[in-house]
Amino acid sequence: MKVSIIGVGRVGAATAFSLLHSTDIDELFLFDVKKELAQGEALDLQQAGVGLLTDCIVSSSSDYRNAEGSEVIVLAAGTARSPGAPRDELFDENKGIISSVLGKIDFVGNEKILVLSNPIDKLTLEAFNETGLPRQQVMGVGCLLDTFRLRALLGDFESESFVFGQHGELASFALRGTDEVSSNAFFAQGERVLKLKEYSSWAPAVATARTVEAILEDTHEVMPVSCVLDGEFGLRDVAVTVPAAIGSAGVLSVQTSLLSESEQERVRFVAETIYGEHPLG
């Protein structure tokens, strides 16, 4: 099985390592506009693979077409967010980058596209529109990273609570059991990481690797990912983060029943706020 990562900056490189460490893939292809960076990361990771006892072949190229034939293509290219800045400010610039990338790849039809670039939800919809692939095959990492942060804040890694709606300012909590959380404390977690080290890499990388693993191993694991909706929650032609079962075909099913009526209403509110009133259908 082959996985490609487009964009091997800090997050992309950390994602590559996480995949090499946690998944059983045959080939890992890296692309970056900084050709020597991609070459260096590929060489470094190939050497790391020896220590990890994996025979995965790690390669790089300045040609996007080398991503063709991948089971999963991770889109990690684009400008990173600065501390305190809203993710939506990155949309126009990163949309142009993602559109340029996808326009150069000839899709054979079975690839799964996984968006990691911000703003994840809006760029997931752009990727769907650009590729023409079935909606099940295009998704974003969504709020899995946020769910990691929520459970870290709760101090309960086995909590069933999760985050949904949007990876951003409209992130919403699906609290279960006796879990309680302060919204300010939750949002401060990500901002604190950015202020301390100027970027976040390991947690988003692990969230991405977990999603890729669910696809490659057909686990049917339910996780909060950004999905293109087609009637669920009364919404169409929008991408928002909702719980979904993930497997070899991509998004196997949107798990609407895991959200209460008020939480489903929140999904609709998030979609209307991001995209306007037109998505209701």
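The values are calculated or read from the model by the stated rules, or taken from the named source; none is laboratory data. All values reported here derive from a predicted model rather than from experimental measurement. Cβ sites come from the backbone with ideal geometry, for glycine too, and all protein chains shown count toward neighbours.
If you filter the stretch 103-124 down to residues that are in contact with a Phe, Trp or Tyr (Cβ under 9 Å, 6 or more places away or on another chain) and crowded, with 24+ Cβ neighbours inside 10 Å, you find that the one that is farthest from Phe31 (Cα to Cα) is Lys122. Restricting to the stretch 62-80, and then to whatever is among the small types (Gly, Ala, Ser) and under 25 Å from Gly250 (Cβ atoms), can you tell me which residue is surrounded by the fewest Cβ atoms within 10 Å (Cβ to Cβ)? Among those that are among the small types (Gly, Ala, Ser) and under 25 Å from Gly250 (Cβ atoms), it is Gly69. Just so you know, in the stretch 1-29 the residues that are in a strand (DSSP E or B) and among the hydrophobic types (A, V, I, L, M, F, W, C) include one that is surrounded by the fewest Cβ atoms within 10 Å (Cβ to Cβ), and it is Phe29. In the stretch 231-275, the residue that is nearest to Thr124 (Cα to Cα) out of those that are of a type in the set (S, T, N, Q) and not in a strand (DSSP E or B) is Thr273. The numbered conditions (1) in contact (Cβ under 8 Å) with a residue 60 or more places away in the chain; (2) of a type in the set (Ser, Thr, Tyr); (3) outside the structural domain of Glu71 (by TED's automatic domain parsing) are all true for Ser161 except (1). Looking only at residues in the stretch 199-217 that are modelled with pLDDT of 95 or more and polar (S, T, N, Q), the one that is farthest from Ala80 (Cα to Cα) is Thr211. Beta carbons closer than 6 Å, at least 6 apart along the sequence or on distinct chains, pair a first residue in the stretch 31-54 that is more than 19 Å from Gly78 (Cα to Cα) and in contact (Cβ under 8 Å) with a residue 12 or more places away in the chain with a second that is part of a helix (DSSP H, G or I) and small (Gly, Ala, Ser) for Leu45/Ala16.
Consider Ser200 carefully, then state whether it is small (Gly, Ala, Ser) and part of a loop (DSSP other than H, G, I, E, B). Considered against the rule, which asks whether it is small (Gly, Ala, Ser) and part of a loop (DSSP other than H, G, I, E, B), Ser200 comes out as yes. Could you tell me whether Ser262 is at negative phi, loosely packed, with under 15 Cβ neighbours inside 10 Å and among the hydroxyl-bearing types (Ser, Thr, Tyr)? So Ser262 fits the description; yes. The residues of the stretch 174-190 that are surrounded by fewer than 21 Cβ atoms within 10 Å (Cβ to Cβ) and closer than 19 Å to Val254 by Cβ amount to a single one, Arg176.
Among residues of the stretch 101-117 that are without any contact (Cβ under 8 Å) to a residue 40 or more places away in the chain, those with a beta-carbon under 7 Å from a residue that is of a type outside the set (Lys, Arg) and crowded, with 24+ Cβ neighbours inside 10 Å at least six positions away or on a different chain give the pairs Leu102/Ala127. Pairing residues of the stretch 178-206 that are under 26 Å from Glu160 (Cβ atoms) and assigned by TED's automatic domain parsing to the domain that holds Phe162 with residues that are among the hydrophobic types (A, V, I, L, M, F, W, C) and modelled with pLDDT under 90, at Cβ distances under 8 Å and at least 6 apart in sequence or on separate chains, gives Ser200/Leu194.
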